[in-house]
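A.B. asks: Mind having a look at this structure? Questions to follow.
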Amino acid sequence: MTPGAYTLTGADGRPRPSEVPGSHAGHRRSRIYGLLDCPAAARAIARGGDVAHRVFFADAPTAAAAGYRPCAVCLPREYREWRADRAPRPA
């Protein structure tokens, strides 16, 4: 494997070379991340979605730290937790 063959996005949102592939992918404009084999992402790409805005992360915590939210399709539990954390609290 060539050193730095992969480019992963760090928690600060900046790209970094990596010798290992990431486990999650995201979309820079929508700020959503999910699994590499996410069916929603695959559909978007098949419809001509702009892959130039696709980013890759080492893991889910790094994606979240970079300001991305979980995908409701491939990460439904994480998405529900993310939504619950943002729900208005009763006064």
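A.B. asks: Which net charge results for the neighbourhood of Thr9, defined as the other residues with beta-carbon distances under 12 angstrom from its beta-carbon, given Lys and Arg at +1 and Asp and Glu at -1?
C.D. replies: +3
A.B. asks: Distance in nm between label sites at Glu81 and Ala65, each 7 Å beyond Cα in the beta-carbon direction?
C.D. replies: 1.6
A.B. asks: I want the local charge near Thr62. Using Cβ-Cβ distances under 15 Å, sum +1 for each Lys or Arg and -1 for each Asp or Glu among the other residues.
C.D. replies: +2
A.B. asks: First select every other residue whose beta carbon is under 9 angstrom from the beta carbon of His53; then total the charges, Lys and Arg +1, Asp and Glu -1.
C.D. replies: Once all neighbours under 9 Å are counted, the net charge is +2.
A.B. asks: Note down the relative contact order for the chain as a percent, whole number, built from C-alpha pairs under 8 angstrom at least six residues apart.
C.D. replies: Reported relative contact order: 30 percent.
A.B. asks: Which one is right for this structure if Cα extents along the principal axes in Å is calculated from it: (1) 55, 30, 20; (2) 42, 27, 21; (3) 62, 40, 27?
C.D. replies: Matching entry in (1) 55, 30, 20; (2) 42, 27, 21; (3) 62, 40, 27: (1).
A.B. asks: Given labels modelled 7 Å from the Cα in the Cβ direction, how far is it in nm from Val51 to Tyr6?
C.D. replies: 1.7
A.B. asks: Counting Lys and Arg as +1 and Asp and Glu as -1, each charge on the Cβ, what is the dipole of the chain about the Cα centre in debye, to the nearest 20?
C.D. replies: 440
Since every read-out is calculated from the coordinates, none of them should be taken as a lab result. As the structure is a computational prediction, the values presented were derived from the model and not from experiment. Every residue, glycine among them, receives a Cβ derived from its backbone with ideal geometry; neighbour counts consider all protein chains shown.
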